[in-house]
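Here the structure comes first, spelled out in C-alpha cells, and everything after it is commentary.
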Amino acid sequence: MQKLIINGGRRLRGELSLQGSKNSALPIMAASLLCRGECTLHNCPKLTDVYSAARILNCVGCRCNFSGNTAVIDSSVISETVISESLMREMRSSIIFMGAMLGSTGECSVSVPGGCELGPRPIDMHLAALRKMGVDIRDGGGRIVCRTQSGSARGARISLSFPSVGATENIILCAVTAEGETVINNAAREPEICDLCGFLRACGADISGDGESRIVVKGKKRLHGCEYRIMPDRIAGATYLSMTAATRGEIILTNACVAEMEPFLSVLEQTGCSIYTRDDRIYLRSGSRLKAVRDRIRTMPHPGFPTDAQAVLMAALITAEGTSVFEENIFNCRYRHTDALVKMGADIQVLGKAAIIKGVPSLSGAAVEATDLRGGAAMAAAALSAEGMSEISRISHIDRGYEKIEEAVRKLGGDIVRI
C-alpha cells in the first residue's frame, strides 16, 4: 500500500496549471454512451475514478483509449447492459451510468455504488424521477434493473426535493433521447452540470436552463460524437490554494475557472490572503499568519460554499488566529478527517453538523490515514504546514481526485514523496 511522506514547514511558492475536473469528466464519459460515434475529450484528468469509468465503458462494449490527458471514446457498439457490482463499487458516482444506459439502450442493470464513506447518499430521487419518465425499475438484492416499455423514456415534469447533482445528471442523461420534453425544477446548479450540458449540446442535444434552477430538455432520437474540452477542477484549485495559504506561501494558479471558484475565493480572502484574478489565472499570497473566518462557513449547493472544499479550507484554518466555525449541510459523515488533524495538534470540536476550529500556533507531523478523498487532501495540507515529518497512508482515496498530487506539490517547493 502506497504512502505519502511529507516534511512540513516549507512555504509553497510557484506556478501550477490546474487539472481537468473529475466531477465533470465522469458524467461526460457516461454521456458518451448516448453518442453513436467517437467522442474526443481533452483536459481529461488521469485519476483512478476516471480509469474506473473507462472500465465500465469497456465492459459494455465501448472502446475507450487514453493518450496523455485526452480520452477517445467510441460508443458505436454497445453490447452489454449489465454493469457488474465490482465495477459499480469502485466509485460513488457510478450511478450516473444508469441514466446514460437508459438513454442509450432503454435498459440497464446496475448495483448500489461504492467509493468514499461519507454517510448515506440515497438514490431515491433518481429512481422516483426515472419512474416518472416511464422507466420500470425493480430494486432488490443490491441490484437495480431498469427497463423502458418502448425502448425510450418519456418526457416528464420533475420537481426535486433537494437540488441533487447526481439526480439532476441522471435525469438529463435519460431525457436527452426521451420522447418529448422534460422539465427539471429545483435542479442542481453546479458548474459541472453546465459542463455536462455543454458537452451534450455539442453532441446535438437540446438543453436550456442549466446553471439555473429550472432545466428544460427536449428529447432527440440520436446524438453524434464531438470533440470537447473538460472544464478545470475547481475543488483541486481550492485544495492547492488552501495548501499555499496554510504554508504562508505564494502561488499563481493557471487554467483556473475563476468565476466558478468565487464562492470559495470569497471565503478564503477573509483569512487575510491577498487574492487577485485575471482571465484564467488566480494569484494568492499569504505572507503572515491567517486570520479565522468571522462568519460561519456553511456548506450549501452551488452557488453556496462547496462541501468538497470544507476539509481543505479547515486544514488551512487550524493554525489561523482566532476561531472558525463550519456547518456541514450536505453529508452526515464529512468530519472524519478531524481526528487526524487533531493528532497533528489541531484544536477541533465537532458538535453534530458544526465543527469549531480554535487556531493553534503550530502543528506537528504525525502518521495518519486518509479517510476519504477530500479528507486525505486536508491531511496533506496540514502536513505541509506542520513541523517535522508526516506519513499519510491509504492514499488511494487521494488518487481518486488528484492527478499526481506529489508532483504538483513538489513543483511548488514542497517536500513530499510517494513510497
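Using the Cα centre of the chain as the reference point, and only Cβ charges (+1 on K/R, -1 on D/E), how large is the resulting charge dipole? Debye, rounded to the nearest 20.
Value, rounded to 20: 140 debye.
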| query | Rounded to the nearest 500 deg cm²/dmol, what is the calculated helix-only ellipticity per residue at 222 nm for the chain, with -39500 (n - 2.57) per DSSP H run of length n ≥ 4? | reply | -8500 deg cm²/dmol
| query | Of the listed peptides 162-170, 235-243, what is their order by residue-averaged count of other C-beta atoms within 10 Å, with the highest listed first? | reply | 235-243, 162-170
| field | the stretch 43-89 versus the stretch 320-390: alpha-carbon centroid distance in Å | value | 35
| Hey, how much of the P(r) for the stretch 273-419 falls beyond 22 Å, as a percent of Cα pairs? | 39
| task | Pull up the DSSP beta bridges for the chain and report the antiparallel fraction as a percent, rounded to 5. | result | 70
| query | What percent antiparallel are the DSSP beta bridges of the stretch 22-229, to the nearest 5? | reply | 75
| task | Sort all Cα-Cα distances of the chain into consecutive 10 angstrom bins from zero, then give the percent of pairs in each bin up to the one containing the longest distance. | result | 5, 23, 31, 24, 13, 4, 0
| Listed highest first by mean packing, meaning other Cβ atoms within 10 Å per residue, what order do 305-313, 404-412 come in? | 305-313, 404-412
| What nm value, rounded to one decimal, do you get for the distance between GLU407 and GLN2 when each label is placed 7 Å out toward the C-beta? | 1.1
| note | All alpha-carbon distances of the stretch 22-229, grouped into 5 Å bins from 0, give the whole-percent distribution 1, 8, 18, 22, 23, 17, 9, 2, 0
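For each pair in LYS291/LYS353; LYS22/LYS132; LYS132/LYS404; LYS132/LYS221; LYS132/LYS353; LYS343/LYS411, compute the distance between the two Cα atoms and list the pairs where it is over 31 Å.
Flagged as over cut-off: LYS132/LYS404; LYS132/LYS353.
Highest mean first, what order results for 222-228, 273-279 on Cβ atoms within 10 Å? Please list the in-between numbers first.
Working: 222-228: 17.4, 273-279: 13.0.
Put in order of decreasing packing, that is 222-228, 273-279.
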| How many angstrom lie between the C-alpha centres of the stretch 223-246 and the stretch 247-306? | 15
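Read the figures in this text as sums done on the coordinates, not as results from a lab. For clarity, every value in this text was computed on a predicted model and none was experimentally measured. Counting neighbours? That spans all protein chains shown, and the Cβs are built from the backbone with ideal geometry, glycine included.
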